[in-house]
Ligand code: CP3
């Protein structure tokens with residue numbers, strides 16, 4: 001494991017069974033090289049001293065310190081306030097000792113930034129005042145430029161300085177998932193308007209997704225330029241599509257985003273219920289394939305030809321089960337993950353708001369103790 005012995009960061013020195021400091025950088029910035037972290041190394045398919053672990057939605061309502069900080073501030077307002085973004089992003093890292101921070105933001109932030117009338121309603125999700133249905137609507141979506149999101153640059157720069165050797169993950173929504181919110185006007189179980197537009201006006205659909213790919217690529221590049229160590233492309237709802245439609249209507253646009261990022265930082269590609277699309281999503285230009293809880297990591301490795309590091313995949317609902325159940329399942333997932341060139345432990349989707357945060361901390365300790 002060349003390169004590891006010379007590194008003295010908390011990440012690299014944590015051995016199975018050793019105490020992992022929960023707050024190595026609470027007050028003072030810590031120097032260090034996040035590219036040598038377990039997370040980035042695993043994403044690059046290299047051996048690591050322990051399986052790195054973080055949780056989608058690790059920042060958020062499961063943490064009382066988050067709920068307290070958010071009182072009186074709307075979600076999108078919080079996302080545009082660098083001091084709040086910094087603090088909220090650090091909260092789960094301090095508390096759980098996870099191997100990465102994920103920028104506190106939202107997939108609709110760049111859409112709001114270019115001027116769309118969009119809000120995040122608690123308990124519902126993103127709501128769009130005037131949904132996209134026609135070519136004239138598409139003309140209402142300007143390209144994103146870095147000047148639209150100065151607060152992202154500021155928050156990422158501050159976070160990178162404070163996090164030291166702990167990597168910060170940046171992210172964006174993928175064109176399909178962003179398009180779904182814009183076309184449906186809000187969350188949808190059926191994605192009926194989106195599918196109707198995709199099939200009914202393929203040229204408008206293509207141009208909409210091309211615009212969203214530009215926005216997603218620029219949003220990611222702003223985060224990369226400010227210092228994130230990895231990025232995740234969330235195509236949360238694309239599992240609603242049959243494979244043929246994915247390949248024809250979506251894959252080229254997601255590929256454009258992942259290709260624009262290129263080799264700068266590892267790229268994680270994730271969606272929910274995407275077992276049937278997994279190989280195509282990996283081959284679209286990902287370095288790591290995210291796996292939701294419906295598919296075992298063993299099957300995920302097989303479906304992607306054993307060529308990709310995997311991320312996942314504990315069912316977030318299982319965190320409500322008795323500890324021995326969680327322990328057994330976590331151990332099994334870590335074992336299955338060894339079949340891949342690299343494994344980043346995560347949930348199969350985001351932390352549910354009612355989750356007991358002490359259970360999350362225990363999961364981190366368990367994953368680290370398994371080596
Ligand atoms: O900790 C992290 O994971 C980083 C922060 C993050 C948020 N949203 C914060 C957030 C990330 C990575 C996202 C991405 C996101 N946003 C996705 C992709 C990930 C996924 O879950 O599949 C999607 C689909 C969205 C859209 C969205 N925003 C939804 C569905 C919701 C939940 C609505 C609700 O109230 O249940 C949001 C709001 C949101 N984004 C919250 C947080 C912490 C909750 C709002 C709050 O705390 O008031």
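Here r is the Cβ-Cβ distance between residue 33 and residue 154 and R0 is 25 Å; the resulting FRET efficiency, rounded to 0.05, is 0.65. Comparing mean-square fluctuations of 351, 127, 250 from a GNM of the chain with C-alpha springs under 10 Å, the top value falls on 127. Once the cut-off is 22 Å, how many percent of the Cα-Cα pairs in segment 58-179 end up in the long-distance tail? Result for the distance tail: 38 percent.
A Förster distance of 56 Å, applied to the separation of the beta-carbon atoms of residue 325 and residue 77, puts the FRET efficiency at 0.90.
Here, segment 225-277 is characterised by an Rg to Rh ratio of 1.02, where Rg is the alpha-carbon radius of gyration and Rh the Kirkwood radius. Calculated mean residue ellipticity at 222 nm for the chain: -12000 deg cm²/dmol, from DSSP H runs with n ≥ 4 weighted as -39500 (n - 2.57), summed, divided by the residue count and rounded to 500. Taking label positions 7 Å along the Cα-Cβ direction at both residue 161 and residue 335, the computed distance is 4.7 nm, reported to one decimal.
As a calculated quantity, the FRET efficiency between residue 369 and residue 294 at R0 = 25 Å, using C-beta atoms, amounts to about 0.40. Over the chain, Cα pairs under 8 Å with separation of 6+ residues give a relative contact order of 21 percent.
For the peptides 331-343, 83-95, 191-203, the ranking by mean Cβ contacts within 10 Å, running from highest to lowest, is 83-95, 331-343, 191-203. If the segment from residue 130 to residue 356 were pulled out straight at 0.36 nm per residue, it would be longer than the present Cα-Cα gap by 77.6 nm. Dimensions of segment 256-359 along the principal axes, based on C-alpha atoms and rounded to the nearest Å, stand at 42, 27, 24, largest first. A straight chain from residue 190 to residue 117 at 0.36 nm per residue would run longer than the Cα-Cα distance by 24.0 nm. The C-alpha atoms of the chain define a longest principal axis, and helix 175-184 lies at about 50 degrees to it.
Mean projected area of the convex hull spanned by the Cα atoms of segment 34-369, taken over all viewing directions: 14.9 nm².
Just so you know, all these numbers are worked out from the coordinates, no wet-lab data involved. None of the values given here were measured: they were computed from a predicted structure. Neighbour counts run over all protein chains shown; Cβ positions are idealised from the backbone, glycine included.
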